[in-house]
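The values are calculated or read from the model by the stated rules, or taken from the named source; none is laboratory data. Please read these numbers as outputs of a predicted model, since none were measured by experiment. Here Cβ is always computed from backbone atoms with ideal geometry, including for glycine, and neighbour counts include all displayed protein chains.
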């Protein structure tokens, strides 16, 4: 009896010591992850005037055909929201819904491409799309956007400050560049980066367990790098099928093998960006983790394992937005 008790105490002590010393886990995690950089790529030419203009444009409903819709409508930043509208798919200016879930604009400039199918190479190119999309903001063409903005005195002044020396600064290209400049400021800071930088107290014991599981289960095959995703295309339903009519990347490339491939989403702030998947079909983060482990890795997580991974995922929430 005493021997069994000593063994139990020894196991408990070893477990406690392991949980109290995250150094080995940090070293393992650094093979796959790194803290978010201080600045986004492309921000070298951004000026306060350009960022200010981009912010104004981002929140302005007048960029839509009927003055009902702004970038912020689908990528909501008000009240410390996470750059999404938390809708499965978003309604456009004319009431019709798009066919894909709206990704967050937080940290988006760190991604290697934009949109679920990667059809835009960067934030500037992405910003040009929704304004002219007939399902989204539905403006008829670039000239109509420019004409509308040139009729607004505050924009004549704002564009002149943001793009000095140009004979006609109000152009569709400059509009997109300004919005991109603002979006390049949307960098979040979370407890996981504190942990990666050496703060042993940044994560709880359960969060450390979740991180260890995330690493050992194989989730890092797709979710790695600074934004923990956003740097590759992967087939949804790699091992077990995920039924979706959306061909994803194939619609852009027309290349065999790209069917049902999508850009791997970032997991930064994932606890705030429900619903999940390209179609917004999954509303619960734990259920999503369980489903992803099964269809992508053929791993059936226990409820306790999923709870631990979700706990770690919550450490990826921007500290300013954490609830």
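Take the conditions (1) within 19 Å of residue 68 (Cβ to Cβ); (2) free of Cβ contacts under 8 Å to residues at least 40 places away in the same chain; residue 131 misses just one of them, which is (2).
For the condition in contact with a helix residue (DSSP H, G or I) (Cβ under 8 Å, 6 or more places away or on another chain) and crowded, with 16+ Cβ neighbours inside 10 Å, what is the one hit in 132, 106?
132
Condition test on residue 168, is it under 21 Å from residue 46 (Cα atoms) and at pLDDT 95 or above? Spelling it out, residue 168 is indeed under 21 Å from residue 46 (Cα atoms) and at pLDDT 95 or above. Name every residue in the stretch 197-241 that is farther than 16 Å from residue 315 by Cα and in contact with a strand residue (DSSP E or B) (Cβ under 9 Å, 6 or more places away or on another chain), in order of residue number. Of everything in the stretch 197-241, those that are farther than 16 Å from residue 315 by Cα and in contact with a strand residue (DSSP E or B) (Cβ under 9 Å, 6 or more places away or on another chain) turn out to be 221, 222, 230, 231, 232, 233, 234, 235, 236. Restricting to the stretch 290-318, name every residue that is touching a helix residue (DSSP H, G or I) at 6+ places or on another chain (Cβ under 7 Å), part of a loop (DSSP other than H, G, I, E, B) and farther than 16 Å from residue 228 by Cβ. Answer for the stretch 290-318, where residues must be touching a helix residue (DSSP H, G or I) at 6+ places or on another chain (Cβ under 7 Å), part of a loop (DSSP other than H, G, I, E, B) and farther than 16 Å from residue 228 by Cβ: 299, 300, 301.
Of the candidates 109, 54, 118, 95, the single residue that is on the phi > 0 side of the Ramachandran plot, outside the structural domain of residue 283 (by TED's automatic domain parsing) and out of contact with any strand residue (DSSP E or B) (no Cβ under 6 Å at 6 or more places or on another chain) is 95. Number of residues in the stretch 135-174 that are without any contact (Cβ under 8 Å) to a residue 40 or more places away in the chain, farther than 20 Å from residue 70 by Cβ and surrounded by 14 or more Cβ atoms within 10 Å (Cβ to Cβ): the value is 2. Restricting attention to the stretch 260-282, does a residue exist that is more than 24 Å from residue 105 (Cα to Cα), in contact with a helix residue (DSSP H, G or I) (Cβ under 7 Å, 6 or more places away or on another chain) and either crowded, with 18+ Cβ neighbours inside 10 Å or not assigned by TED's automatic domain parsing to the domain that holds residue 195 (or both)? Checking the stretch 260-282: not a single residue is more than 24 Å from residue 105 (Cα to Cα), in contact with a helix residue (DSSP H, G or I) (Cβ under 7 Å, 6 or more places away or on another chain) and either crowded, with 18+ Cβ neighbours inside 10 Å or not assigned by TED's automatic domain parsing to the domain that holds residue 195 (or both). Just one residue in the set 55, 39 is touching a residue at least 24 places away in the same chain (Cβ under 8 Å), within 20 Å of the chain's Cα centre (by Cα) and not in a loop (DSSP other than H, G, I, E, B); that residue is 55. With respect to (1) touching a residue at least 12 places away in the same chain (Cβ under 8 Å); (2) not assigned by TED's automatic domain parsing to the domain that holds residue 72, the lone exception for residue 199 is condition (1). In this structure, is residue 68 in contact with a helix residue (DSSP H, G or I) (Cβ under 7 Å, 6 or more places away or on another chain) and either at pLDDT below 95 or surrounded by fewer than 18 Cβ atoms within 10 Å (Cβ to Cβ) (or both)? Spelling it out, residue 68 is indeed in contact with a helix residue (DSSP H, G or I) (Cβ under 7 Å, 6 or more places away or on another chain) and either at pLDDT below 95 or surrounded by fewer than 18 Cβ atoms within 10 Å (Cβ to Cβ) (or both).
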